[in-house]
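Taking it in order: structure first as structure tokens, then the write-up.
The values are calculated or read from the model by the stated rules, or taken from the named source; none is laboratory data. Just so it is clear, the structure is predicted and the values come from calculations on it, not from any experiment. Glycine also receives a Cβ, built like all others from the backbone with ideal geometry; neighbour counts cover every protein chain displayed.
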Amino acid sequence: MDAAEFRTAAVQLIDFITDYQENIRSRPVSPSVRPGYLRHLVPASAPQHAETWDQLMPDIERVIMPGMLHWHSPQFHAYFAGATSYPSILADMLTDALGCMGISWASAPVLTELEVLVMDWLGQMLQLPDEFLFSSGKGGGGNIQGSACESTLITMLAARARAITRLRSERPELSEADISGRLVGLTSDQAHSSVARAGLLAGLRVRPVRSNTRNALTGEAVEAAVAEELAAGNIPFFVAATLGTTASCAFDHLRNIGAVCARRALWLHIDAAYAGPAFICPEFRPLLDGVELADSFNMNPHKFMLTAHDCSTLWVRRATDLTDVFHVDAKYLATARNSMPSFRHWAIQLSRRFRALKLWFVIRLYGVEGIRSYIRQQVSLAKEFERLVRSDRRFEVAAPAVLGLVCFRLRDKEFGNSLTDALLSRVNAARRVHMIPSMLRGGTQYVIRFVVCSRYTELRDVQLAWSEVQRHADQLLAQPE
Ligand code: PLP
């Protein structure tokens, strides 16, 4: 492809992208294909000779679109949002074109410097404690990770190193292996699976602690679990608290948990993967109170802040907690020391994409107020859905809309779980809206999660989703199988 062909193709693709986004409501939200569908549509081996753009372009509709679950459809209400927006798409195009690699400051000075800048902007927008901002000069700062999973893993590893250093200074006779085998991380039984997985990857035990009846982890439960572990000769070292759980958007009791962590010298990590961006709105900021007790805080602009995957922002109170652990240098990486951070010591990746660009575009082209009004609109639509659920006595709200998620179920003492499961199957099979379930109350209560995900979702879409739920409930309750 030469420059002239690129220019033509790019214009056509931009038209396609724009039409796709603007007309997305005309496509069924979910696909009807079966596993393996693609094999029948494309050759089994790669072309030996270059094809033309004119040959490829029609295959976007023919091959790709049939296999799409449309995450940006206004009728997509599953998982959490996988954000995108025009500013973010533009920035990703430019990132790909610049094609630079953030290996060190010297390998792409602007990549590091813009990341430092936007992480401070975002930290200010969230009113994070000063210590988390580079500009405070207090030793903390933020950087962009690929995912919340990576953020949990690397903070857990940093916490492990800190605990080992502390314990060995107190009791030099202990070896690293002695300590490591007794370390235990704590999290809620409602925490995202990535916390357990971080333990698996780090070779560390993670104990799920029972959440309360509102699906939140309390300080008392953490304290009791810590005491039990200590009594058994184990060493609690890390707590992952969740603000906005995946199952029901519950909020762990951050202040109380933070107080336990401070008293017991435990690293407190906050996973606010979904909910975090909402704290930019003053009315939701109190949900973050207690962050001043945390060692690390993570949230995903790629969920609730209009920024395409991948963009997961992680702040730490003391950058050296990461850089001391992940610092490995080879001759080919060595650069003269300067005042800017070397983000390769903050993350798993060595080569970093220029992800700060999309945050910079999104924040500038929406403005803080624009981001706030987007979040408020999503929340108000979820609250409207909650109101509709409450208006029908056959249903109950299992978790109200604090942000963009409502959990609801059919109210039936005996068959509530199986009926609600059957209802969701029918709703999704009709392919007019798409939702997924979760289990609450220690895995005993089956609920349907309704999430406002798309920036195209309007009141009429919420009403459509509810009418679909009611229509299938009418049929199901008239004739349960
Ligand atoms: N933590 C929470 C609370 C989540 O809801 C999710 C995903 O939905 C994750 C972590 C994982 O996020 P990521 O895909 O960025 O690793």
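Structure notes:
- Counting the residues of the range 232-279 that are part of a strand (DSSP E or B) and charged (D, E, K, R) gives 1.
- The listed residue being touching a residue at least 24 places away in the same chain (Cβ under 8 Å), part of a strand (DSSP E or B) and aromatic (Phe, Trp, Tyr), out of PHE354, PHE408: PHE408
- Identity of the residue in the range 102-134, crowded, with 22+ Cβ neighbours inside 10 Å and among the hydroxyl-bearing types (Ser, Thr, Tyr), that ends up nearest to ASP289 (Cα to Cα): THR112
- Any hit, the range 377-385, residues being among the small types (Gly, Ala, Ser), touching a Ser or Thr at 6+ places or on another chain (Cβ under 6 Å) and more than 19 Å from SER312 (Cα to Cα): no
- Close pairs (8 angstrom Cβ cut-off, 6 or more residues apart or separate chains): under 16 Å from ALA241 (Cβ atoms) and among the aliphatic types (A, V, I, L, M) in the range 137-155, near the ligand (Cβ under 8 Å from one of its atoms) and assigned to a loop (DSSP other than H, G, I, E, B) anywhere: ALA148/HIS192; ALA148/ALA273; ALA148/ASN300
- Residue list for the range 292-304, restricted to those being buried (at least 24 other Cβ atoms within 10 Å of the Cβ), not basic (Lys, Arg) and not in a loop (DSSP other than H, G, I, E, B): SER296, PHE297, ASN298, MET299, PRO301, HIS302, PHE304
- Tally, over the range 135-156, of residues that are away from the ligand (no atom under 16 Å from the Cβ) and buried (at least 16 other Cβ atoms within 10 Å of the Cβ): 2
- For the range 174-213, a tally of residues being over 14 Å from THR155 (Cβ atoms), among the small types (Gly, Ala, Ser) and in a helix (DSSP H, G or I) returns 4.
- Residues that are farther than 30 Å from TYR332 by Cα and among the acidic types (Asp, Glu) do not occur anywhere in the range 92-99.
Rundown of residues vs (1) of a type in the set (Phe, Trp, Tyr); (2) assigned to a loop (DSSP other than H, G, I, E, B); (3) under 25 Å from MET435 (Cβ atoms), yes/no style:
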residue	(1), (2), (3)
VAL29	no, yes, yes
VAL33	no, yes, yes
ARG39	no, no, no
ALA44	no, yes, no
ALA50	no, yes, no
GLN55	no, no, no
ILE60	no, no, no
VAL63	no, no, no
TRP71	yes, yes, yes
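- Single condition GLY102 does not satisfy, out of (1) modelled with pLDDT of 95 or more; (2) over 30 Å from GLU468 (Cα atoms); (3) not charged (D, E, K, R): (1)
- Filtered by the rule that a residue be farther than 22 Å from GLY82 by Cβ and either free of Cβ contacts under 8 Å to residues at least 60 places away in the same chain or of a type in the set (Lys, Arg) (or both), the range 446-459 gives a lone residue, TYR446.
- Pair list, Cβ under 8 Å, 6 or more apart: the range 279-307 residue more than 17 Å from THR246 (Cα to Cα) and of a type in the set (S, T, N, Q), other residue in a loop (DSSP other than H, G, I, E, B) and within 14 Å of the ligand (Cβ to nearest atom): THR307/ALA83
- Residue in the range 173-199 that is nearest to the ligand (Cβ to nearest atom), counting only those that are out of contact with any helix residue (DSSP H, G or I) (no Cβ under 6 Å at 6 or more places or on another chain) and within 13 Å of THR242 (Cβ to Cβ): HIS192
- A single entry from GLN378, GLN349 fulfils the requirement of being under 21 Å from the mean Cα position of the chain (by Cα), buried (at least 21 other Cβ atoms within 10 Å of the Cβ), on the phi < 0 side of the Ramachandran plot and not in a strand (DSSP E or B): GLN378.
- The range 422-467, residues that are under 17 Å from VAL397 (Cα atoms), modelled with pLDDT of 95 or more and not in a strand (DSSP E or B): LEU423, LEU424, MET435, VAL452, VAL462, GLN463, ALA465, TRP466, SER467
- Test: residue in the range 219-239 that is within 23 Å of VAL402 (Cα to Cα), buried (at least 23 other Cβ atoms within 10 Å of the Cβ), modelled with pLDDT of 95 or more and within 16 Å of the ligand (Cβ to nearest atom): no
- Single unsatisfied condition, THR52 versus (1) surrounded by 14 or more Cβ atoms within 10 Å (Cβ to Cβ); (2) polar (S, T, N, Q); (3) modelled with pLDDT of 95 or more: (1)
- Per the conditions (1) within 15 Å of the ligand (Cβ to nearest atom); (2) small (Gly, Ala, Ser); (3) touching a strand residue (DSSP E or B) at 6+ places or on another chain (Cβ under 6 Å); (4) closer than 19 Å to VAL316 by Cβ, the sole criterion not satisfied by GLY258 is (1).
- Check on ALA272, free of Cβ contacts under 8 Å to residues at least 40 places away in the same chain, over 23 Å from SER104 (Cβ atoms), in contact with a strand residue (DSSP E or B) (Cβ under 7 Å, 6 or more places away or on another chain) and within 16 Å of the ligand (Cβ to nearest atom): yes
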